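Peer 1: Pasting a structure here, questions to come.
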Amino acid sequence: MKKKILDVILANFKIEALNEIQQASIVANEKHNDVILLSATGSGKTLAFLLPVLDLLDEQNKQTQAIIIVPSRELAMQIEKVFKQMTTSFKITCCYGGHKREVEENNLKQPPALLVGTPGRLADHIRRNNITTNSIQTLVLDEFDKSLELGFTEDMSFIISELPKIKKRILTSATEAVEVPDFIGLKAPEKLNFSTENISPEKLLIKKIESEAGDKMETLFELLCSLGDKNAIVFCNHREAVERTSKWLAQKGIDNEFYHGAMEQHERDAALCKFRNGSTHFLVTTDLAARGLDIPNIRYIIHYHLPINEASFIHRNGRTARMDASGTVIMMLSKEEKMPDYISNDVEEMKLTAPFQLPEKPKWTTLYIAAGKKDKVNKIDVVGFLSNKGQLKKDDIGLIEVKDFSSFVAIRKTKLGEALRLIKNEKIKNKKVMIAVAK
């Protein structure tokens, strides 16, 4: 990669140099056609494969040159965000279920150099001839093991069978748990194993807590009260358990959000935004949140249900103790449950002592604005609107996230009522749009 281009990218991400994983990936991809990168989420792996992909893109070629297949819409959107932050001259288009296919079809009329999406939606576009596949020479399968685990094998096999000109293959995963299927077409791949690099024993503390009750609900309540206002993710194994646990905690007075794969896209966006911006301290979720989500500063990972296997354990824990941060993993055990074999038996046991006080309520709440990037709205527009029309000061406005057709912004709770009154009949970018507290 040219130094001038790399310097611009480093400046855009406000980092001085590439980390070891990214440097190794660039070298390996220069020497080998097929590369497998084993690296946990949070270690910089997205940039580790996007940089070699960028190096292969040709500005003179106006067709789609590379495709990235991912297991979830959130991961697709995150990759799109990272690539756009690199500020290259190349177009990227993101394709996933949960929003209108017609929007993507319009974006595909002018072929993007780079295409990223979920297996089902990409396969659908190929069948509809919305994608020119014979120009694609680079294939990336990010979190390929999760795609296989979620049952996307048929769609992935179909997509790859429609890519006759592939010369470069890059596969990423956090573990070696899954064998690579033959249909992917790997030939003597170079393997880079950094799967445990971003979580070190001195940064990640594992504890256990034993519950007297079988369902562990009351123990979870007491635990969250003990943690106070520190951010925590609570992992359950099933969607129904996620919603049941979230509702029960709310009834007990603990503000929380839940998140799983059966939710509508806008609901998932809202839940994650609220958790990221401090409108809630607790996220109850399935393993969907164990990968590919950009959620910084997670202090606690709580395994309310024990992971189904070691790979799940590793992925869940990858939400915390990332880079220079530390984190604590808490295993919740009923009387009938035992610590999994892959965890040391000398784990410290937590003892919870009464009285239990409810955690302090978040100081922020989240506003939903029914306008986004496709409406030519950006963060500066949102800040200007809330400052001028809502008379909010800089310190009253928190994290802002602008999606394609909506925006979410954290507002200090004490200022919410007056701000809503002031902006009730105002326009943003000369357009009247719905603005309300995010549900």
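Peer 1: As an exercise, use a Förster radius of 41 Å and the Cβ-Cβ distance of residue 222 and residue 379 to find the FRET efficiency, rounded to the nearest 0.05.
Peer 2: On the way: r = 40 Å, r/R0 = 0.96.
Efficiency for this residue pair is about 0.55.
Peer 1: For the pair residue 345/residue 439, report the inter-label distance in nm, with labels modelled 7 Å from Cα in the Cβ direction.
Peer 2: Each label point is offset 7 Å from its Cα along the Cβ direction, giving 5.2 nm.
Peer 1: When Lys and Arg each count +1 and Asp and Glu each count -1, what net charge do the other residues less than 11 Å away from residue 393, Cβ to Cβ, add up to? Intermediate values should be presented prior to the final figure.
Peer 2: Working: positive: 394, 412, 415; negative: 395, 396.
Value of the local net charge: +1.
Peer 1: If you don't mind, there's one more thing I want to ask. Measure off 7 Å from each Cα along the Cα-to-Cβ vector at residue 422 and residue 127, then give the distance between these two points in nanometres to one decimal.
Peer 2: Label at residue 422, label at residue 127, 5.2 nm between them.
Peer 1: What is the calculated FRET efficiency for residue 205 to residue 13, with r their C-beta to C-beta distance and R₀ = 30 Å, to the nearest 0.05? Before the final figure, lay out the partial values.
Peer 2: Values: r = 29 Å, r/R0 = 0.97.
Result of the calculation: an efficiency of 0.55.
Peer 1: OK, next. Which of the GluC sites (Glu not before Pro) found in segment 332-439 are in a DSSP loop and have at most 12 neighbouring Cβ atoms, other than their own, within 10 Å? Please list the in-between numbers first.
Peer 2: Details: sites: 336, 337, 348, 349, 360, 401, 418, 426; in loops: 336, 337, 360, 426.
Counting only loop positions with at most 12 other Cβ atoms within 10 Å, the GluC sites (Glu not before Pro) in segment 332-439 are 336, 360.
Peer 1: With runs of 4+ DSSP H residues as the only contributors, calculate the mean residue ellipticity of the chain at 222 nm using -39,500 (n - 2.57) per run, divided by the residue total and rounded to the nearest 500. Mind dumping the intermediate values first?
Peer 2: Working: 14 runs with 144 residues, N = 439.
Calculated mean residue ellipticity at 222 nm is -9500 deg cm²/dmol.
Peer 1: Shifting gears a bit: Given springs between every Cα pair under 10 Å in a Gaussian network model of the chain, which of 34, 341, 58 has the largest fluctuation?
Peer 2: Maximum among the listed residues: 341.
Peer 1: Let me ask something additional. Which whole-number percentage describes the relative contact order of the chain, with Cα contacts under 8 Å and a sequence gap of 6 or more? Display every interim value, and only then the final one.
Peer 2: On the way: 804 pairs, mean separation 66.2, N = 439.
In percent, rounded to a whole number, it is 15.
Peer 1: With no solvent and one point per C-alpha, what does the Debye sum give as log10 I(q)/I(0) for segment 353-439 at q = 0.19, 0.26 Å⁻¹?
Peer 2: -0.78, -1.44
Peer 1: Here is a follow-up. Pairs 81/429; 252/393; 91/146: which are spaced more than 30 Å apart, C-alpha to C-alpha?
Peer 2: Working: 81/429 23 Å; 252/393 34 Å; 91/146 27 Å.
Result: 252/393 exceed 30 Å.
Peer 1: Can you tell me which of 344, 211, 39 moves the most in a GNM of the chain? Springs connect C-alpha atoms under 10 Å apart.
Peer 2: In this elastic network of the chain, the residue with the biggest mean-square fluctuation among 344, 211, 39 is 344.
Peer 1: Between residue 56 and residue 190, what is the spin-label point distance in nm, taking each point 7 Å from the Cα along the Cα→C-beta axis?
Peer 2: 1.3 nm
Peer 1: So, one more: Looking at the chain as a GNM with Cα springs under 10 Å, which of 398, 384, 261 has the largest mean-square fluctuation?
Peer 2: 384
Peer 1: Now for a separate question. Segment 249-287 to segment 84-100: how many Å between their Cα centroids?
Peer 2: Value for the Cα centre distance between the two parts: 25 Å.
Peer 1: I would also like to ask the following. Please give the FRET efficiency for residue 250 paired with residue 103, using the beta carbon to beta carbon distance and R0 = 41 Å, rounded to the nearest 0.05. Can you show the working numbers first?
Peer 2: On the way: r = 34 Å, r/R0 = 0.83.
That gives a FRET efficiency of 0.75.
Peer 1: Next up: Let a ≥ b ≥ c be the square roots of the eigenvalues of the Cα gyration tensor of segment 7-99; is it rounded (a/c under 1.5), or, if not, prolate (a/b larger than b/c) or oblate?
Peer 2: Details: a/c = 1.30, a/b = 1.19, b/c = 1.10.
In terms of gyration-tensor shape, rounded.
Peer 1: Please express the shape of the chain as an equivalent ellipsoid: the semi-axes are the square roots of 5 times the eigenvalues of the C-alpha gyration tensor, given largest first in whole angstrom. Working shown, then result.
Peer 2: Values: eigenvalues 252, 183, 76 Å².
Ellipsoid half-lengths, sorted descending, are 36, 30, 20 Å.
Peer 1: Something else: Where does the charge balance sit around residue 30 when Lys and Arg score +1, Asp and Glu -1, over other residues with C-beta under 15 Å from its C-beta? It would help to have the intermediate numbers written out before the result.
Peer 2: On the way: positive: 2, 3, 31, 167, 168, 169; negative: 34, 55, 190.
Counting the neighbours of residue 30, the net charge comes to +3.
Peer 1: How far is the Cα center of segment 110-158 from the Cα center of segment 30-71, in Å?
Peer 2: 14 Å
Peer 1: Step through the table entries 2/191; 14/413; 216/351, compare each Cα-Cα distance with 26 Å, and write down the pairs that go over it.
Peer 2: Values: 2/191 24 Å; 14/413 31 Å; 216/351 14 Å.
Beyond 26 Å: 14/413.
Peer 1: Over 21 Å between C-alpha atoms is what I'm after, so list which of 274/379; 274/403; 84/389; 403/439; 45/168 land there. Walk me through the numbers before you get to the answer.
Peer 2: On the way: 274/379 17 Å; 274/403 14 Å; 84/389 30 Å; 403/439 16 Å; 45/168 17 Å.
Table pairs above 21 Å Cα-Cα are 84/389.
Peer 1: Could you tally the net charge around residue 230, taking each other residue with its Cβ under 12 Å from the Cβ of residue 230, Lys/Arg +1 and Asp/Glu -1?
Peer 2: On the way: positive: 299; negative: 229, 360.
Once positives and negatives cancel, what remains is -1.
Peer 1: Under 12 Å from the Cα of residue 394, which aspartates and glutamates turn up, not counting those fewer than eight places away in the same chain?
Peer 2: none
Peer 1: Normalised by the residues of segment 3-194, what does the relative contact order come to in percent, with Cα pairs under 8 Å and at least six apart? Don't jump to the answer; show the numbers that get you there.
Peer 2: Details: 317 pairs, mean separation 58.8, N = 192.
31 percent.
Peer 1: Sticking with this one: Tell me the relative contact order for segment 204-349 as a rounded percent, counting alpha carbon contacts under 8 Å between residues six or more apart.
Peer 2: Numbers: 247 pairs, mean separation 54.6, N = 146.
Normalised by residue count, the contact order of segment 204-349 is 37 percent.
Peer 1: Same structure again: Are there GluC sites (Glu not before Pro) in segment 96-149 that DSSP marks as loop and that have at most 13 other Cβ atoms within 10 Å, and which are they?
Peer 2: On the way: sites: 102, 104, 105, 143, 149; in loops: 143.
Passing both the DSSP loop test and the Cβ count: no residue.
Peer 1: Can you pull out the GluC sites (Glu not before Pro) in segment 4-75 whose DSSP state is coil and whose Cβ has at most 10 other Cβ atoms within 10 Å? Write down the numbers at each step before the final one.
Peer 2: Working: sites: 16, 20, 30, 59, 74; in loops: 16, 59.
Filter output for segment 4-75: 16, 59.
Peer 1: Rounding to the nearest 20 debye, state how big the charge dipole of the chain is about its Cα centre with +1 on each Lys and Arg Cβ and -1 on each Asp and Glu Cβ.
Peer 2: Details: 64 positive and 59 negative charges, 473 e Å.
Dipole magnitude for the chain comes out near 2280 debye.
No lab work stands behind these numbers, since they all come straight from the coordinates. Note that the structure is a prediction, hence the values are computed from the model and not measured. Please note: Cβ atoms are built from the backbone with ideal geometry, for glycine as well, and neighbour counts cover all protein chains shown.
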